[in-house]
Amino acid sequence: MGAVTTVRTVAAGLAWYVRAVSGEDAYDRYLAHHESVHGDDAAEPAMTAREFWRDRTDRQDANPQGRCC
Amino acid sequence: MGAKSGTTGATNEPDLTQDPAIPPVALDPKVHEAEEAHWTPVKIATWVAIALLGGLSWVMLAVVRGETVNAIWFVFAAICTYLIGYRFYSNYIQKHLLRPDDRRATPAEYKADGKDYARTDRRVLFGHHFAAIAGAGPLVGPVLAAQMGYLPGTIWIIVGVVLAGAVQDYLVLFFSMRRGGRSLGQMARDELGRVGGTAALIATLTIMVIIVAILALVVVNALAESAWGVFSVGMTIPIALFMGCYLRFWRPGKVTEISIIGFVLLIAAIIGGGAIAGTEWGAAMFHIDKVPLAIGIIVYGFIAAILPVWLLLAPRDYLSTFMKIGTIGMLAIAIVIVRPEILVPAVTEFAKTGTGPVVSGTLFPFLFVTIACGALSGFHALIASGTTPKLIEKERQSRFIGYGGMLMESFVAIMALVAALSIDQGIYYAMNASPALTGGTVQGAVAFVNGLGLTGVNLTPEMLTETARNVGEESIVSRTGGAPTLSVGLAHIMQQVAGGTGMMAFWYHFAIMFEALFILTAVDAGTRVARFMLQDTLGNVIPKFKDTSWRVGAWICTGIMVAAWGAVLVMGVTDPLGGINTLFPLFGIANQLLAAIALAVCMAIVAKRGLFRYIWIVALPLGFAAVVTITASFLKIFSPVPGVGYFAQNAAFSKALAAGETSFGTATSVEAMEAVVRNTMVQGILSIVFVTLAVIVIFTALQATWNAWRNHSNATSEDPAVRSRIFAPAGLVATPAEKATQAEWDARPVTGTSKVRGH
């Protein structure tokens, strides 16, 4: 059992890491942040996933960051 | 010129007392000190072993110097030195100079918006930061510097990063974090006043242009006359467009999924490139000469920089992150498995004479500008003062991310050096000597390389044709720029692990693709950043330019920036003297000058805080970078040796033209001679501009430092401290005390506001 649990923990950790490094968890984190600030306030609805990802690249358009040489 | 703006007194100490309702947000500094001072026998044994192994490796590299030296010693020397530098030196900097305080909230906490300012797990942020700082630079510089022997480059990369490069990254990251994530340019204006700030801004803009131009030159040199390379790298454009549309319209946010699809398509493009280059029509269609290819890159650069980010830049970023981490990890494992023998001498004649065919100039100062990224890279200051400080969770993590991230990049440089050193020296020189020296032919290259009189070098035409056939290229003669050499080295190492010689062509083009991806992303992103800087500057005269969403203005400014780097690129491509060997020093000088500017800003900040006892930590790398770049610039401007001094070269060719000669040196026509006169003039003027701007910035920083000393300053330009309400460990692995505190946090009922993401 021990070995299986270890493998499972490592795999879950790896999956979490890849997802986080690739930036895939950005929307989840935005939702968590939004909820912690606005709660269920209907006046401040959270962006939908589609809106969020569009907004994300649009912000990069407006505020470009260099890549290193 | 005062340095008043943005300065607030440090007198009213903010209230950072712990909220009794939540577990501790920071460990008592005494707890940290007690943990460090607690030397268990296991800990002592581990550090003694690291020190001994590191010492032994350095002895094997520097003292023993047998006929050959095994690559494994490079890996051990690097890793052990990094570990010691990180554990002791960066800790010293943390304790005495920066003094992070985890009771203070970081911008990611007090400015949190869930988007640009978002707390990010330190291990994830390390990955992001590393992906943002590591590019083609640490892969190319060490390859070119290999002509001076393996030892000078290795020492500079490893010692330089510990005392200079990682210090710069760590300091800039920390200071920017304490200022709400302000950029280097803004900090320069705050600390150095108007003149210093403006000089820093202009220097940054011109340096950006040079860096983009020379990176583009590396790509052109790698892809010219290579049908396979042109096809597979060209295919990244439709692949990126597809990925962009996928994420925009079909499945927003499915980043991992599309990255995997993109990676598979990329591999297919590499394999397909081999098949297509093998056909007659494919070879004819994708075999492109340097000049049309350069024009293609310029047109591409313009279009890519005005297209929306989601269509091309964002998807290619995902691809290159994957490729970067994957390939570097793969190469590290392969070097450990294969452990290639290095045949290059420790120090070659070229280090002393400065007559090396790859880049001209003696070891001092030119080694230190040829290898910029990997040891000390000013460009990192732009990254470390941009995105990363807005994402960091706790102040103490800046050491792991800033200092540790740069150590990783240095390790990439060491591996690039090993890969370049592991190939036959004759092949190395045949690939890296300019066409002006080899004539671009196998016979010419063999005659030239054997004529160099290097011991142990006996190049035969078969060696060149055989290698070219193995890597699937028509020729490997005079493929300057470093990227093809690194690719041959990587292919040479990888084929011993997987596939044998039959797979060399795949690995070669895999490596070319890997470098081209970084560079094309850097060209696109660099043009965008430069365009915004230009719009901001022009906006002071014509206010309409300040509006960055104004299309016409955006196009005009993009056009100006592309024209600027495009002109330098075309100059490099058509240069009768070779291009890379005359322009690469300019790239290194530009990058190191940016480092000097960043360190000068850091020194002014440290002085203003009144920390004069520890100012040497900044003054040491600043002094070195300043001496190296100013000496190198002066040599480029004033040296009477035509191979080194731009104006000496200019005068020699002008004189020949005036005397009515129709060929001179490696220039075989009057047009070529005129081109040399034109190019050296431009390069010389650029050198003067860079060094003047850097001297102004350093001078204003010294003045700010002197003023601070005279006034016994203890002021700060930091943002006011805000009380933190979260906790997270500082390093890669949590210490026992951190684990205990983390357990207290984890035991709390989940309330939403301060939930810490962990696993």
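The values are calculated or read from the model by the stated rules, or taken from the named source; none is laboratory data. Because the structure is predicted, anything quoted here is derived from the model rather than measured. Using ideal geometry, Cβ is built from the backbone for each residue, glycine included, and neighbour counts are taken over all protein chains shown.
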Quiz item: B:TYR89 passes all but one of (1) within 14 Å of chain A (Cβ to nearest Cβ); (2) assigned to a helix (DSSP H, G or I); (3) of a type in the set (Phe, Trp, Tyr); which number fails?
Solution: (1)
Exercise. Scan (1) modelled with pLDDT of 95 or more; (2) among the small types (Gly, Ala, Ser); (3) under 30 Å from A:ALA46 (Cβ atoms) for the single condition B:GLY165 breaks and write down its number.
Key: (3)
Exercise. Output the residues belonging to region A:13-62 that are of a type in the set (Asp, Glu), more than 16 Å from B:THR120 (Cβ to Cβ) and more than 7 Å from chain B (Cβ to nearest Cβ).
Key: A:ASP40, A:ASP41, A:GLU44, A:GLU51, A:ASP55, A:ASP58
Quiz item: Which of the residues belonging to region B:263-285 are under 30 Å from A:ARG56 (Cα atoms) and touching a Phe, Trp or Tyr at 6+ places or on another chain (Cβ under 7 Å)?
Solution: B:PHE263
Practice problem: Filter region B:116-145 down to the residues that are within 22 Å of A:HIS33 (Cα to Cα) and among the hydrophobic types (A, V, I, L, M, F, W, C), then identify the one that is surrounded by the most Cβ atoms within 10 Å (Cβ to Cβ). | Solution: B:LEU125
Quiz item: So which residues in region B:474-502 are within 28 Å of the chain's Cα centre (by Cα) and of a type outside the set (A, V, I, L, M, F, W, C)?
Solution: B:SER478, B:ARG479, B:THR480, B:GLY481, B:GLY482, B:PRO484, B:THR485, B:SER487, B:GLY489, B:HIS492, B:GLN495
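Does B:THR236 count as on the phi < 0 side of the Ramachandran plot, of a type in the set (Ser, Thr, Tyr), in contact with a Lys or Arg (Cβ under 8 Å, 6 or more places away or on another chain) and assigned to a helix (DSSP H, G or I)? Talk me through it step by step, then tell me what you get.
Details: on the phi < 0 side of the Ramachandran plot: yes; of a type in the set (Ser, Thr, Tyr): yes; in contact with a Lys or Arg (Cβ under 8 Å, 6 or more places away or on another chain): yes; assigned to a helix (DSSP H, G or I): yes.
Yes, satisfied.
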Self-check item: Tally, over region B:703-722, of residues that are surrounded by 19 or more Cβ atoms within 10 Å (Cβ to Cβ), assigned to a helix (DSSP H, G or I) and either without any contact (Cβ under 8 Å) to a residue 60 or more places away in the chain or hydroxyl-bearing (Ser, Thr, Tyr) (or both)
Solution: 1
Exercise. Would you please name the residue that is surrounded by the fewest Cβ atoms within 10 Å (Cβ to Cβ), looking only at residues in region B:383-412 that are among the aliphatic types (A, V, I, L, M) and either over 24 Å from B:VAL529 (Cβ atoms) or away from chain A (no Cβ under 13 Å) (or both)?
Key: B:LEU407
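Across region B:355-382, what is the number of residues that are of a type in the set (A, V, I, L, M), part of a helix (DSSP H, G or I) and within 13 Å of another protein chain (Cβ to nearest Cβ)? Quick ask: steps written out before the conclusion?
Taking region B:355-382 as the starting set, the residues that turn out to be of a type in the set (A, V, I, L, M) are B:358-359, B:363, B:367, B:369, B:371-372, B:375-376, B:381-382.
Those left that are additionally part of a helix (DSSP H, G or I): B:363, B:367, B:369, B:381-382.
If we keep only those that are within 13 Å of another protein chain (Cβ to nearest Cβ) as well, we get B:381-382.
The number of residues fulfilling the criteria is 2.
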Quiz item: Among B:PHE634, B:PHE653, which is the only one that is surrounded by 22 or more Cβ atoms within 10 Å (Cβ to Cβ), in contact with a helix residue (DSSP H, G or I) (Cβ under 9 Å, 6 or more places away or on another chain), among the aromatic types (Phe, Trp, Tyr) and touching a residue at least 12 places away in the same chain (Cβ under 8 Å)?
Solution: B:PHE653
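Does B:PHE350 count as touching a Ser or Thr at 6+ places or on another chain (Cβ under 9 Å), in a helix (DSSP H, G or I), more than 14 Å from every other protein chain (Cβ to nearest Cβ) and farther than 20 Å from B:ILE157 by Cα?
No; evaluated as a whole, the condition is false for this residue.
Would you confirm whether any residue within region B:212-220 is surrounded by fewer than 22 Cβ atoms within 10 Å (Cβ to Cβ) and either of a type in the set (Asp, Glu) or under 27 Å from B:GLY559 (Cα atoms) (or both)? Even if it seems obvious, please write down each step before you answer.
Restricting attention to region B:212-220, the residues satisfying the condition of being surrounded by fewer than 22 Cβ atoms within 10 Å (Cβ to Cβ) are none.
No: zero hits.
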Practice problem: Quick one: B:ALA269 ticks every box in (1) surrounded by 18 or more Cβ atoms within 10 Å (Cβ to Cβ); (2) within 14 Å of chain A (Cβ to nearest Cβ) except a single one, so which number is it? | Solution: (2)
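Do we have B:TYR300 as in a helix (DSSP H, G or I) and touching a Ser or Thr at 6+ places or on another chain (Cβ under 6 Å) here?
Details: in a helix (DSSP H, G or I): yes; touching a Ser or Thr at 6+ places or on another chain (Cβ under 6 Å): no.
No; evaluated as a whole, the condition is false for this residue.
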Quiz prompt | Matching residues, region B:413-447, being buried (at least 20 other Cβ atoms within 10 Å of the Cβ) and either free of Cβ contacts under 8 Å to residues at least 40 places away in the same chain or part of a loop (DSSP other than H, G, I, E, B) (or both) | solution = B:SER422, B:ILE423, B:GLY426, B:ALA433, B:SER434, B:VAL442, B:ALA445, B:VAL446
Practice problem: Say whether the condition of being surrounded by 15 or more Cβ atoms within 10 Å (Cβ to Cβ) and more than 32 Å from the chain's Cα centre (by Cα) is met by at least one residue in region B:30-38. | Solution: yes
Self-check item: Of the criteria (1) within 30 Å of B:GLU466 (Cα to Cα); (2) at the interface with another protein chain (Cβ under 9 Å from one of its Cβ atoms), which one B:GLY526 fails
Solution: (1)
Exercise. Please verify whether region B:156-166 includes one or more residues that are within 14 Å of another protein chain (Cβ to nearest Cβ), surrounded by 24 or more Cβ atoms within 10 Å (Cβ to Cβ) and either within 20 Å of the chain's Cα centre (by Cα) or part of a helix (DSSP H, G or I) (or both).
Key: yes
Quiz item: Mind checking whether some residue in region B:43-51 is under 32 Å from the mean Cα position of the chain (by Cα), surrounded by 13 or more Cβ atoms within 10 Å (Cβ to Cβ) and free of Cβ contacts under 8 Å to residues at least 40 places away in the same chain?
Solution: yes
